[in-house]
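A.B. asks: Below you will find the structure I want to go over with you.
The values are calculated or read from the model by the stated rules, or taken from the named source; none is laboratory data. Computed from a predicted model, the values in this text were never measured in an experiment. Using ideal geometry, Cβ is built from the backbone for each residue, glycine included, and neighbour counts are taken over all protein chains shown.
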Amino acid sequence: MKLRIYEIADTEEIMKLFYDTVHEVNIHDYTQEQVDAWAPANMDIDVWIKGLGSKFTYVAEEQGKIVGFGELEANGHIDRFYCHKDFQRKGIAKKILEQLESKARSLKIEKLFVEASITAKPFFESQNFIVVKQQEVERRGQILRNFIMEKSI
């Protein structure tokens, strides 16, 4: 597996990875209506290009296929962080997180935080993040539960 910085040409594959992962992995913890609101079929590629390009975004690649990605913001927020539905529990998320932590340290960021889904919460707990609070967020009329988690680095 290779980790590298996001390139604009990755965008469509990342969007598909996001959609497929939410609809096939997160569906175990959320309703169909919730995942449809979270990852709608009609996402705007320009919004994704702007979002991915405005953060420190790293892509995990296996034999030319994108198998995961993660975004770090300058304030320590880990935004979108997803592994391909067919590459779960293979250490990819851990490698992406290690890269985000390394980048954060180079930026003198002392604390990382994430809004982890029910599905992602056990992974972040295994990486020494602690739950600060549970919250409910609204996405396209649906309420989704997630967890604000943080880790000092």
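A.B. asks: Among the residues of the stretch 84-115, write down those that are surrounded by 17 or more Cβ atoms within 10 Å (Cβ to Cβ), more than 12 Å from the chain's Cα centre (by Cα) and among the small types (Gly, Ala, Ser).
C.D. replies: Within the stretch 84-115, just Ala104 meets the criteria.
A.B. asks: If you take the residues in the stretch 116-153 that are part of a helix (DSSP H, G or I) and either on the phi > 0 side of the Ramachandran plot or charged (D, E, K, R) (or both), which one is farthest from the chain's Cα centre (by Cα)?
C.D. replies: Glu125
A.B. asks: Moving on to the next point. Can you tell me which residue among Val59, Val22, Val67 is touching a His at 6+ places or on another chain (Cβ under 6 Å), outside any loop (DSSP other than H, G, I, E, B), buried (at least 19 other Cβ atoms within 10 Å of the Cβ) and at pLDDT 95 or above?
C.D. replies: On the way: Val59 fails: touching a His at 6+ places or on another chain (Cβ under 6 Å); Val22 fails: touching a His at 6+ places or on another chain (Cβ under 6 Å).
Being touching a His at 6+ places or on another chain (Cβ under 6 Å), outside any loop (DSSP other than H, G, I, E, B), buried (at least 19 other Cβ atoms within 10 Å of the Cβ) and at pLDDT 95 or above holds for just one of Val59, Val22, Val67, which is Val67.
A.B. asks: When only residues in the stretch 25-47 that are assigned to a helix (DSSP H, G or I) and within 13 Å of the chain's Cα centre (by Cα) count, which is farthest from Lys121 (Cα to Cα)?
C.D. replies: Trp38
A.B. asks: Can you confirm whether Phe81 is within 24 Å of Glu136 (Cα to Cα), touching a Gly at 6+ places or on another chain (Cβ under 7 Å) and free of Cβ contacts under 8 Å to residues at least 60 places away in the same chain?
C.D. replies: For Phe81, the condition - within 24 Å of Glu136 (Cα to Cα), touching a Gly at 6+ places or on another chain (Cβ under 7 Å) and free of Cβ contacts under 8 Å to residues at least 60 places away in the same chain - is met.
A.B. asks: What is the number of the single condition among (1) within 20 Å of Tyr19 (Cβ to Cβ); (2) in contact with a Phe, Trp or Tyr (Cβ under 7 Å, 6 or more places away or on another chain); (3) in a strand (DSSP E or B) that Leu52 does not meet?
C.D. replies: Only one criterion in (1) within 20 Å of Tyr19 (Cβ to Cβ); (2) in contact with a Phe, Trp or Tyr (Cβ under 7 Å, 6 or more places away or on another chain); (3) in a strand (DSSP E or B) is unmet by Leu52, namely (3).
A.B. asks: Oh, and also: Kindly establish whether Arg80 is farther than 24 Å from Arg4 by Cβ and touching a Ser or Thr at 6+ places or on another chain (Cβ under 9 Å). I'd like the intermediate steps shown before the answer.
C.D. replies: Numbers: farther than 24 Å from Arg4 by Cβ: no; touching a Ser or Thr at 6+ places or on another chain (Cβ under 9 Å): yes.
Here the answer is no, as Arg80 does not meet what is asked.
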